[in-house]
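What follows is a single structure, written as structure tokens, with notes after it.
Every number here is computed from the coordinates shown, using simple stated rules; none is lab data. What you see is a predicted model, and the numbers here were worked out from it, not measured in a lab. Methodologically, a virtual Cβ is constructed for each residue, glycine included, from the backbone with ideal geometry; neighbour enumeration extends over all protein chains shown.
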Ligand code: PGA
């Protein structure tokens, strides 16, 4: 299983260090086939020791240059970062990242050989229209994306389940993952959206779920390690 922690705009450099110290104390007990990823904010990127992969929540698709406020490949290379989240619904919505921009970013980081956790998800209004609408919406988020890329991991995150405390139901996750797995040629597929210690066992036991992308419940090292060790 894959357990990925997305801190979003939470934690500082100092608190990330403390978090990683606390997490490392627990990770010795995880099973060797489980893989842990941590995506701290850009200011907390560093070279940390531990049984996990550090990734970037976002970066601009350029080596370096005049992109005020952004970080590029040069800043990621400093810490040997080779994993990135692309297409998160918060970036699509709040940062107005269009599918075209998302696809350009994907192509750039694919070219660099990065491992990409590519996020897709539908809003509530689409979910309420039924399964067919959901799949149509989700598949459109693969426009311009090379799904044959060998370092691709997909994260299905229904927007209405993100940060709301209300995860999708087992049936919703199960049917969506079944259809998505086919569409992405059985690439690893994570679920995200209010995954937490209380529902982790149920979620990871669903066929077609290869792991979780966790926001809120990953912010506390005890809570995240409880999920990993569950
Ligand atoms: P959440 O966020 O776990 O707080 O719902 C998940 C995500 O956005 O990756």
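Quick notes on this one:
- Per-selection Kirkwood Rh - segment 126-230 (Cα, Å, 1 d.p.): 14.2
- Length added when fully stretched, residue 186-residue 25, from 0.36 nm per residue minus Cα-Cα: 54.6 nm
- Full extension of the chain segment joining residue 70 with residue 178 gains 35.2 nm, where the gain is 0.36 nm per residue of separation less the Cα-Cα distance.
- Between residue 205 and residue 100, the modelled labels are 4.7 nm apart [label points 7 Å from Cα along Cα→Cβ].
- Extension gain from residue 93 to residue 60, taking 0.36 nm per residue of separation minus the Cα-Cα distance: 10.2 nm
- A simple packing score, the average count of other Cβ atoms within 10 Å per residue, orders the peptides 46-57, 116-127, 141-152 as 116-127, 46-57, 141-152, with the highest score first.
- Distance between the modelled labels on residue 78 and residue 229, one decimal in nanometres: 3.4 nm (7 Å Cα→Cβ projection).
- For the chain, diffusion coefficient by Stokes-Einstein and Kirkwood Rh (Cα), 4 °C, 1.567 mPa s, µm²/s: 73
- Point-to-point label distance, residue 9-residue 42, nm (Cα→Cβ direction, 7 Å offset): 1.3
- Summary of the geometry: segment 154-213 and segment 106-139, compared by the centres of their Cα atoms, lie 13 Å apart.
- Highest to lowest packing among 24-35, 210-221, scored as the average C-beta count within 10 Å: 210-221, 24-35
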